[in-house]
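Heads up, the thing below is written out as structure tokens.
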Amino acid sequence: MVARVNCPRALVVVSLLGILGLVACKPKPTSAPYAPGQGPQAAALIAGAKPQLDAVAVPDAKVVANRVLRGNLAFLAQAPGRFRGSVGVSGNELVTLAFTEAGYALRYKLDAFPTGFYHGPPSACAVEALLGVALDAEDLVALVLGGAPVIAEPFDIVEQGWDSAAGHEAVTIRNPRFVQRLEFAKLGEHWQFVGSKLWRRDADGSRGDWIWSLSHEDLAMHDGAMLPARTRVVAPGKRKDNLLVIQYKSRDLDPAFAKGSDDGARADEGGADDGAAEGSADDWGGDDGAWEGEPGGEGEAGESPATPAATPKPPVDAPAKPVGTKAAAPVVFTIDGTGLSDRGDLCR
């Protein structure tokens with residue numbers, strides 16, 4: 001015998017349960033940690049968004065791009081715009097990117113575009129080839145040094161206030177090209193940068209198209225610097241938003257290359273140009289699975305991964321050393337195209 005259901009009553013009960021569920025999931029507003037009119041100064045907050053470090057070597061990190069592409073990441077970075085990083089799986093190099101103020105060089109072994117060695121002037125598309133999200137070179141460096149990629153000056157401070165839903169102090173700034181929101185959390189007596197959103201600026205000064213959002217998560221003190229255990233970047237994609245997550249396993253906050261010497265650079269880098277050492281099994285998938293188009297993977301003939309020489313040698317077509325009084329970038333930020341076809345400029 002089938003029990004009769006009082007449909008109107010059942011719908012009322014379901015609706016009430018839905019409302020209660022929404023209420024239960026709604027974040028509880030957080031009061032500002034200061035009295036009215038006693039909040040932090042916007043200029044001081046913006047100044048505090050600068051990178052926490054001048055240079056870093058990360059021999060062991062995990063990277064996840066668009067929720068399914070996973071790999072080991074190792075990199076070197078030096079403010080304001082020097083970087084060398086490599087993503088690999090199971091000891092195989094997939095992609096290695098190096099850039100300085102003079103330009104970029106890219107070793108590419110995936111299948112989104114032809115395998116080979118690319119090089120040219122600085123461009124956000126080179127960063128996108130490594131991480132799947134287009135960031136300017138200096139923005140990426142600021143991010144991995146624990147800070148925020150802040151829009152260029154001069155800019156106006158549009159508004160500032162406490163976001164009770166997020167539990168953050170927010171400052172919105174604007175220059176002729178962009179509008180940016182910077183978010184800060186109160187940690188003890190210190191205001192710490194934790195996230196940002198960037199939009200293009202419309203002609204009337206309002207926010208236009210969204211460009212990216214980022215957040216530093218699980219912050220902890222490391223030798224006097226407040227650094228994230230994980231960094232998340234989200235940007236618009238063709239079908240759905242692109243997502244990049246970097247989880248740091250270890251850092252060297254006093255790398256040898258930043259002391260004016262390339263001695264010990266390989267140790268600093270942790271073998272970045274051969275894909276980095278494999279990490280332990282964890283929530284990142286243990287051996288990481290395979291990246292789409294991974295050399296030697298199913299359905300991919302590809303080229304066999306080439307192992308660069310222990311000491312990188314500047315090739316003829318590598319980015320030229322900067323001229324003038326500024327010190328040239330350490331040689332560790334130079335890579336060559338050994339074993340790969342020269343493809344010219346990826347970003348032209």
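Rolled with a 1.4 Å probe across the full set of protein chains, the surface gives E128 an accessible area near 80 Å². First select every other residue whose beta carbon is under 14 angstrom from the beta carbon of E159; then total the charges, Lys and Arg +1, Asp and Glu -1. Its environment carries a net charge of 0. At the residue level, S250 shows approximately 40 square angstrom of accessible surface with a 1.4 angstrom probe and all protein chains present. When the Cα gyration tensor is reduced to axis lengths a ≥ b ≥ c, the ratio a/c is 1.5 or higher for the stretch 168-263, and with a/b above b/c it is classed as prolate. The simple Förster model, with R0 at 41 Å and r as the Cβ-Cβ distance, assigns R239 and A328 a FRET efficiency of 0.45.
Using heavy atoms of the protein chains and a probe of 1.4 Å, the accessible area assigned to R200 is about 120 Å². Residues in the stretch 106-120 carry Karplus couplings, in order, of 9, 9, 10, 10, 8, 10, 5, 8, x, 4, x, 10, 10, 7, x Hz; the curve used is 6.51 cos²θ - 1.76 cosθ + 1.60 with θ = phi - 60°, and Gly or Pro positions show x. When the residues S341, S215 are ordered by accessible surface, computed with a 1.4 Å probe over the protein chains alone, the sequence from largest down reads S341, S215. Around the amide H of G146, modelled in the peptide plane, lie the amide H atoms of Q52, all under 5 Å away and 5 or more residues distant in sequence or on another chain.
Placing a pseudo-label 7 Å from each Cα along the Cα-to-Cβ vector at E217 and S90 gives an inter-label distance of 2.8 nm.
Using a cut-off of 24 Å between Cα atoms, the listed pairs K50/K249; K50/K240; K28/K186; K28/K62; K62/K240; K197/K238 include K50/K240; K28/K62 as exceeding that distance.
The values are calculated or read from the model by the stated rules, or taken from the named source; none is laboratory data. Given the structure is predicted, the values throughout are model-derived calculations rather than measurements. Here Cβ is always computed from backbone atoms with ideal geometry, including for glycine, and neighbour counts include all displayed protein chains. Side chains are part of the model used for accessible areas, which takes the heavy atoms of the whole protein and leaves out ligands, DNA and RNA. Shrake-Rupley method; radii C 1.70, N 1.55, O 1.52, S 1.80 Å.
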